[in-house]
Amino acid sequence: MTRMRRKKGFTKSKHLQKARWTSKRTKDQDQIHDDLKPENAEKIKHQKRDDELPGLGQFYCIHCARYFINQEHLDKHIASKLHRRRAKQAEAEPYTQRDAEAAAGMGAPEKAI
């Protein structure tokens, strides 16, 4: 009788699955929409240098919430289809809790007379 081969991957370890799922998580659309406001966009564009970030944190795409290593890669990204799609999504007004309640038929409560 031979020994069965052990399965590879993250099939049973929940902590490894969660790490894998959340490792590449980006900002949500409502957070990006807040970043695009003029007062927040200026702060993001003129950040201090950070040794931990790619390109020292100087080359950042606000629409996609991504850092790049140099201006050449940022320009290449801006010309890409992915960036154009994210920019179009960011222009739209994000859904609010009020919209979600209205869609569920819960609406705003009527005032008692």
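Restricting attention to region 37-107, which chymotrypsin sites (Phe, Trp or Tyr not before Pro) occupy a DSSP loop and are surrounded by at most 15 other Cβ atoms within 10 Å? Those that pass, being in a loop and sparsely packed, are Tyr95.
Order these peptides, 18-25, 35-42, by their mean beta-carbon neighbour count within 10 angstrom, highest first. Present the calculation step by step, with values, prior to reporting the outcome.
Details: 18-25: 9.0, 35-42: 11.0.
For the peptides 18-25, 35-42, the packing ranking is 35-42, 18-25.
Residues in region 19-26 carry Karplus couplings, in order, of 4, 5, 5, 9, 5, 9, 5, 10 Hz; the curve used is 6.51 cos²θ - 1.76 cosθ + 1.60 with θ = phi - 60°, and Gly or Pro positions show x.
Going by the alpha-carbon gyration tensor, a ≥ b ≥ c the square roots of its eigenvalues, is region 23-81 rounded (a/c under 1.5) or, if a/c is not under 1.5, prolate (a/b greater than b/c) versus oblate? Mind dumping the intermediate values first?
Working: a/c = 1.40, a/b = 1.17, b/c = 1.19.
Judged from the Cα gyration tensor, region 23-81 comes out rounded (a/c under 1.5).
Bridgeable lysines around Lys14 (alpha carbons under 21 Å apart, same-chain partners fewer than 8 residues away excluded): Lys24.
All of the numbers you see were taken from the coordinates with simple rules; none came from a lab. All values reported here derive from a predicted model rather than from experimental measurement. With ideal geometry, Cβ positions are generated from the backbone for all residues, glycine too; neighbour counts draw on all protein chains shown.
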